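Reviewing the structure listed below.
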Amino acid sequence: MILLKPLFDLGVLPIRHRSGRGFKPHVSLVFNAERRLTFAIDTTNSFSPDAYLITHAHSDHHGKSAMLSEKAVCSEETAKALEILYGKKYAGRTFNVGETIDICGVDVRTYPTHHTIGSCAFYWENDVGTRILVTGDVKDAKDMPKCDLMVTEANYGDPDDPKCHFNDDIDAFRQAVEAGDVAFGAYAFGKAQRAVKLLRESGYSGEIGMEPVSRALTEGLMTNTGALADLESDCGVRITTPGGITGVKAARKFILTGMRYRFPTINISDHMDVDGLIGMVKKCEPEAVITYHPGGIRPLKLASYLNRMGIYAKALEEINTVVEI
């Protein structure tokens, strides 16, 4: 327990959960706010906390499971995205991003993270005045408040990995559009909507062909999308999933990602790079940081770097308080 003493001093007990299949890829925070409470962060619906906080609807944040609980809490857009993606009724509570909501008697503020439509961070105080910020995934930290404990992503959290240092290549995207007859591979939720937004902001007014799920999410969550159509329509720009781009007819094909693919890529990310993550920590000035997402070494790498900066930090897999479920 000595390992986590700075967190205990802040009045927060982070908990990992383990079943017969191993550790769950999430963290829960136990704290007092007039009574003992447990808020589960981006977790599966596999135990019974006081609330399931869903930061956004990407599958690796487990909203497909948590959405079935009446204890689920997420933004209106996230709930709608979950229903479109999984064909199930969202059972929990919703709010508009930017609102302060009452969760189990605790005033929880919400802040936009600019990652996906409806994505948000959660912020509250415990009974010793510790300001707790759970970021989820973040594209732009401009709205993030100062805090004492930050629970943050580390998708591109390795300072030693060149792939974790990048800028979005908007010019390459626009050039590809200007050349015409182009297909983009983009995740159905998040990246596809950003691609539509970039297209319209760049002045492209033509019809955009989209695969069914991407189109349903775009029409359901966005306004001013312009004309959208099926992939088979006669249009100069098409958006499909990375896996579906092989079957799309187009003169040129690109995947919108910072990762490697066998197709050419254009670096358009819905995350900050490692410099952005470090900048967010500096901006928010936490006393302690937990890097909880994703799996792999990047949360460990970011936590190690923050410790060298003089900020107490632990990656999820270093949390040694475990509950069997």
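Structure notes:
- When ALA216, ALA195, ALA227, ALA186 are checked against the criterion of being over 19 Å from HIS56 (Cβ atoms), at pLDDT 95 or above and not basic (Lys, Arg), a single residue qualifies: ALA227.
- Within the set ALA216, ALA172, ALA195, the sole residue that is in a helix (DSSP H, G or I) and crowded, with 19+ Cβ neighbours inside 10 Å turns out to be ALA195.
- Restricting attention to the stretch 8-54, the residues that are crowded, with 22+ Cβ neighbours inside 10 Å and in contact with a helix residue (DSSP H, G or I) (Cβ under 7 Å, 6 or more places away or on another chain) total 6.
- Test result for ALA303, buried (at least 16 other Cβ atoms within 10 Å of the Cβ), in the same structural domain as HIS61 (by TED's automatic domain parsing) and within 20 Å of the chain's Cα centre (by Cα): yes
- Unique match (being surrounded by 14 or more Cβ atoms within 10 Å (Cβ to Cβ), in contact (Cβ under 8 Å) with a residue 12 or more places away in the chain, among the small types (Gly, Ala, Ser) and farther than 23 Å from ASP143 by Cβ) among GLY295, GLY226, GLY236: GLY236
A quick yes/no check of all residues on (1) closer than 18 Å to LYS191 by Cα; (2) outside any loop (DSSP other than H, G, I, E, B):
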{"residue": "HIS114", "(1), (2)": "yes, no"}
{"residue": "PHE122", "(1), (2)": "no, yes"}
{"residue": "VAL128", "(1), (2)": "no, no"}
{"residue": "ILE132", "(1), (2)": "no, yes"}
{"residue": "PHE166", "(1), (2)": "yes, no"}
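- Some residue of the stretch 97-106 being of a type outside the set (Phe, Trp, Tyr), in contact (Cβ under 8 Å) with a residue 40 or more places away in the chain and within 19 Å of HIS271 (Cα to Cα): no
- Pairs where the first residue, in the stretch 14-40, is over 20 Å from ASP127 (Cβ atoms) and the second is charged (D, E, K, R) and surrounded by 12 or more Cβ atoms within 10 Å (Cβ to Cβ), C-beta under 6 Å, 6+ apart: HIS17/LYS24; PHE23/ARG16; HIS26/ASP42
Matching residues to (1) buried (at least 22 other Cβ atoms within 10 Å of the Cβ); (2) of a type outside the set (S, T, N, Q); (3) touching a helix residue (DSSP H, G or I) at 6+ places or on another chain (Cβ under 8 Å):
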{"site": "GLY180", "(1), (2), (3)": "no, yes, no"}
{"site": "PHE189", "(1), (2), (3)": "yes, yes, yes"}
{"site": "TYR204", "(1), (2), (3)": "no, yes, yes"}
{"site": "MET222", "(1), (2), (3)": "no, yes, yes"}
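- Taken over the stretch 155-181, residues that are of a type in the set (Phe, Trp, Tyr), in contact with a strand residue (DSSP E or B) (Cβ under 8 Å, 6 or more places away or on another chain) and closer than 20 Å to THR291 by Cα amount to 0.
- Residues of the stretch 252-266 that turn out to be out of contact with any strand residue (DSSP E or B) (no Cβ under 7 Å at 6 or more places or on another chain) and farther than 15 Å from GLY190 by Cβ, as a count: 2
The values are calculated or read from the model by the stated rules, or taken from the named source; none is laboratory data. These numbers were taken from a predicted model, which means no experiment stands behind them. Here the Cβ is made from the backbone with ideal geometry for all residues, glycine too, and neighbour counts use every protein chain on show.
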